Each structure stands twice: as C-alpha cells, then as structure tokens.
Amino acid sequence: LYGDSGRPASWQGRLYTKLQALAFTAVPQRYLYDGMALQGVADLRLWADVAGFNVQSVSGELDTHDLQVSHVRDDQEYHFTAEKLGGRFGWRRHESGWQFALQQLVVEQQGRTWTTDNLSLAGINEEQVSHIKGVSSLIKLDGFGALLPVIPELTPADRQLLADLKPQGLLKDLQFELSTEGGAMQVSDFSARFTGLGIGESGAYPLFTGLDGRISGNLTAGTVTLDSYNASIHNSSLFREALSLQRVQGDIHWLVGDERVEVGTDALVINNQDLSLNAKFGVEFPVEEAAVAINLELAVEHADVGRVRAYLPAGKMSPTAVSWLDDSLKSGTVTNGTVVVNGRLDQLPFDNGEGRLEVRLPVTRAELHFNPGWSPLTEINAQVDFTGRSMDILGHTALMRTAELENIRVQ
C-alpha cells in the first residue's frame with residue numbers, strides 16, 4: 001500500500017489473500033440470496049486493487065470441493081451439487097458500472113464434466129434501468145441443466161422446461177444483454193453460432209439433434225438460420241421413428257405473444273436419402289395446454305414411395321390405414337408433388353372439415369400391393385392423392401403380371 005500515513009483515504013495498492021479449506025457455512029447470509037444456503041469447502045487465491053476505502057478490481061482463482069447449494073423460492077426448493085467447481089475470475093469497477101470475466105470454468109458431477117471458456121460480463125447502470133452485457137467464446141450445453149438451481153431469476157416453470165428439454169451441443173461467439181427494471185430481469189438481445197444443437201422431446205417441443213447455424217433476437221422475436229448436415233427430428237406423438245435430415249438450410253423466425261408462440265419460415269430446404277423438400281410453414285404453440293396448430297406447405301421435389309411409412313403421422317391415423325399403407329406401398333418415385341396441412345394437430349385428419357389435409361403426388365414406376373388375395377400392380381405411372389382419410393390413385397399405365405393396364409383407379 002502507498003499513501004500518506006496520516007490520511008488512510010489516500011492509500012492505494014494491491015492486497016493478496018490465500019484461503020485454504022474455507023467452509024462455505026462461514027459465509028455471512030447477507031452475501032447470499034434470500035432462501036439460499038451453501039455447504040462445501042473452497043481454496044481461494046485473491047488479488048484486490050484498492051484506492052482509498054474502495055475496491056477497484058479483483059482477480060483470483062477458485063476451487064471448490066463437495067459443493068452443495070440449496071435455494072428456496074416461491075415455495076419451491078432447488079438443489080445443486082458438484083464434486084468440484086473451479087475457474088479463474090476477475091472483476092473491476094468503472095464509471096457507469098462494472099466488468100466481470102470468468103475463464104476456464106469446470107464443473108464435475110458424477111463423473112461428468114461441464115466447461116465454458118472466456119465468459120465476460122459488463123454491468124451498466126442508467127437511471128432506473130440496469131443492463132448486463134455478456135460475451136463468451138464457447139459454452140457447452142451438455143449438462144447445463146445441472147446449473148439451473150443456482151440461477152435465482154428463473155421461475156419454477158422456466159427451470160422445469162429447461163430441465164426437461166435437456167439442451168446439448170456447443171454455443172460459440174455468444175453475445176447477450178440482460179435488462180433489469182423494477183426488479184424484473186429479461187433478455188433484451190442475444191446472438192450466437194451453434195453446432196450439434198439438440199433438445200429432448202418435451203410437451204409440444206419435438207426432439208431434434210445435430211443442428212448447426214446461428215441464432216439472434218430476444219425472448220419476444222428472433223431468427224434461427226440453419227445450415228445443418230446430419231440432423232434428426234422426432235415427435236413420438238406423430239411419427240414412429242426419428243427422421244434423418246442430411247441437409248437443412250433456411251431461416252426460421254419466432255414471435256412470442258401473450259397467448260401463443262409462433263414459429264415459421266418462408267423457405268426451408270430439407271434433403272435426405274428418401275426425399276428432397278422445400279418447406280413453408282407456420283406453427284402456433286399455445287401458452288396454455290391447448291393443441292398445436294400448423295399451416296404447412298411442402299414442395300416435394302423427389303421422394304421414395306417405399307419409405308412413406310417413416311413419414312406417416314401414424315400417431316394420429318387409424319391403425320388399419322397405417323397397416324394397409326405399410327404393406328401396400330412398396331416402391332416408386334415421386335416427382336414435383338405437394339403437401340398441405342392446415343389446422344390443429346389434435347384434429348388430424350380433419351374428418352369434420354376443421355382443417356385441410358391434402359397430398360398430391362405424381363408417381364412413376366410404383367408397386368402397389370392393394371390386396372393380399374390379388375396380384376400387385378407394378379410399373380405404375382399415376383397421380384396419388386390423399387385428402388383427409390381417403391386415398392385416390394389415378395393410374396395412367398400399370399402392369400398386373402403380364403397384363404398391361406390403362407386408366408386404373410384405386411380408392
């Protein structure tokens with residue numbers, strides 16, 4: 001420390017402290033959130049730059065062992081445990097707020113490790129509103145759900161939703177801004193690149209994995225730009241198996257309202273070994289427990305008829321119809337077809353006109369086993385149409401054994 005010995009307010013310099021096996025139970029409650037309790041021990045090395053009676057900056061290294069955090073909020077109790085948690089950190093004061101940096105954070109839990117690099121935060125105070133701006137070069141989402149109990153700003157519903165979704169993948173070049181006014185915190189802006197992004201199936205949200213791209217916006221509106229290879233999606237209430245997506249490219253927008261969340265795109269390209277699609281859709285997810293509604297238009301550039309079974313919304317179809325389609329549609333190629341679905345998913349296939357379900361598929365060289373007691377139709381060149389529960393095949397030409405057929409109609 002340097003300064004006038006008779007005027008302590010003039011002193012400035014650097015302080016160094018090393019603590020070993022510090023028990024968290026000794027931390028005064030006034031330094032914790034209401035309803036929070038800590039257990040465990042920590043090793044801490046700390047440097048502090050001081051001027052007068054004020055701390056201007058702090059940097060250090062922290063390693064904790066057998067950490068346990070409990071937090072009671074809104075009559076809900078949350079727990080966080082970690083065998084080890086550690087990293088390097090720094091904080092400094094500036095004219096309008098503060099800056100904080102966290103490097104090489106490592107969390108070990110039950111043999112799993114969660115890490116993030118170079119997380120920096122800056123706090124800015126402006127009259128009645130305070131802002132926190134953050135950047136991070138890399139965040140690993142796998143295992144992130146374990147940290148939810150120590151984030152006090154989340155509501156019980158938010159915690160449960162994020163825990164159920166089980167996010168995975170990597171976030172890169174993350175930037176975000178949090179705004180606090182009147183004690184309420186909200187995400188006002190964020191952007192990031194992501195690789196291998198995925199979530200688990202939960203409620204109205206389908207399972208998806210392997211997405212690459214970029215996201216920007218806020219909790220009210222934003223855009224996801226996809227540029228993915230080898231992704232997959234699955235909705236167990238609709239499909240019997242996960243759908244492989246070798247190529248997904250396009251922009252998807254979202255808008256959050258008081259009553260529903262709207263997600264949609266004007267152009268999304270989807271390709272895999274079975275099909276090539278251009279999609280345009282809008283999906284409404286109600287905030288309350290009402291049914292999801294969709295307005296979907298698909299341009300089917302190419303599709304393999306023999307793989308139709310994987311794409312049938314079997315969870316909403318008659319088992320008899322599903323079985324017949326599985327056994328009957330053996331092969332063929334669709335070129336330049338269309339699919340239109342407009343209505344609530346719980347009302348498929350719209351028997352009473354509540355919505356619209358239409359599939360128009362020009363088919364070449366198809367094979368149809370329409371009845372076990374009859375020879376199949378082969379080499380079919382036809383127009384295959386689905387409307388609601390009905391299927392119409394208007395065949396231009398086909399073969400039944402060696403017989404050449406023309407103008408066939410199958411319903």
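Key figures for this structure:
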{"item": "Unit charges on C-beta of K, R, D, E only; dipole of the chain, Debye", "result": "1000"}
{"item": "H79 versus N125: modelled label distance in nm, points set 7 Å from Cα along the beta carbon direction", "result": "3.8"}
{"item": "Loop GluC sites (Glu not before Pro), region 82-129 (other Cβ atoms within 10 Å of the site Cβ: 16 or fewer; DSSP)", "result": "E95, E127"}
{"item": "Carbon plus sulfur fraction of accessible area for the chain, probe 1.4 Å, in percent", "result": "52"}
{"item": "Extension gain, H65 back to Y31 (0.36 nm per residue minus Cα-Cα distance, nm)", "result": "10.2 nm"}
{"item": "FRET E, pair A163, E406, Förster distance 56 Å, beta-carbon r, rounded to 0.05", "result": "0.40"}
{"item": "Three-way shape label, region 246-329, alpha-carbon gyration tensor, a/c 1.5", "result": "oblate"}
{"item": "Additional length obtainable on full extension of the chain from N278 to D4, 0.36 nm per residue less Cα span", "result": "91.1 nm"}
{"item": "Label-point separation, R309 to D117 (7 Å along Cα→Cβ), nm", "result": "4.6"}
{"item": "Anchor K18: lysines whose Cα lies under 20 Å away (excluding residues fewer than 8 positions away in-chain)", "result": "K84"}
{"item": "Nearest-ten-degree value, helix 319-328 long axis tilted from longest Cα axis of the chain", "result": "70"}
{"item": "Heavy atoms of L377: accessible area, 1.4 Å probe, square angstrom to 10", "result": "10"}
{"item": "Alpha-carbon spread of the chain, three principal axes, descending order, Å", "result": "113, 43, 37"}
{"item": "At R0 = 25 Å, FRET efficiency that the Cβ-Cβ distance of A290 and R356 yields, to 0.05", "result": "0.80"}
{"item": "Of the chymotrypsin sites (Phe, Trp or Tyr not before Pro) in region 44-80, those whose Cβ has at most 10 other Cβ within 10 Å and which sit in DSSP loop", "result": "F53"}
{"item": "Label-point separation in nm, Q39 to A21, each point 7 Å along Cα→Cβ", "result": "1.9"}
{"item": "Hz values of 3J(HN,Hα) by residue in region 18-33 - Karplus curve (6.51, -1.76, 1.60), Gly and Pro given as x", "result": "10, 10, 10, 6, 6, 7, 5, 5, 7, 6, x, 4, 5, 8, 10, 5"}
{"item": "Folded to 0 to 90 degrees: helix 156-165 orientation relative to the chain principal axis, Cα", "result": "60"}
{"item": "Mean residue ellipticity (222 nm) of the chain, computed from DSSP H runs ≥ 4 via -39,500 (n - 2.57), nearest 500", "result": "-1500 deg cm²/dmol"}
{"item": "Region 346-407: chymotrypsin sites (Phe, Trp or Tyr not before Pro) falling in loop per DSSP and having at most 12 other Cβ within 10 Å", "result": "W374"}
{"item": "Candidate lysines for bridging to K172, where Cα separation is under 17 Å - those fewer than 8 sequence places away on the same chain excluded", "result": "K133, K140"}
{"item": "q = 0.21 Å⁻¹, region 294-411: log10 I(q)/I(0) [Debye, one scatterer per Cα]", "result": "-1.24"}
{"item": "Kirkwood-based shape ratio for region 1-153, expressed as Rg/Rh from alpha carbons", "result": "1.00"}
{"item": "Per residue value of the accessible surface for the chain (all protein chains in place, 1.4 Å probe), Å²", "result": "57"}
{"item": "Exposed-loop-free span, longest in the chain, where trypsin sites (Lys or Arg not before Pro) count as exposed if DSSP calls them loop and at most 16 other C-beta atoms lie within 10 Å", "result": "1-239"}
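The values are calculated or read from the model by the stated rules, or taken from the named source; none is laboratory data. Worth saying up front: this structure is predicted, and the values here are computed from it rather than measured. For neighbour counting, all protein chains shown are included, and Cβ atoms are generated from backbone atoms with ideal geometry for every residue, glycine included. Just so you know, the surface numbers come from the protein's heavy atoms only, side chains and all, with ligands and any DNA or RNA stripped out. Shrake-Rupley method; radii C 1.70, N 1.55, O 1.52, S 1.80 Å.
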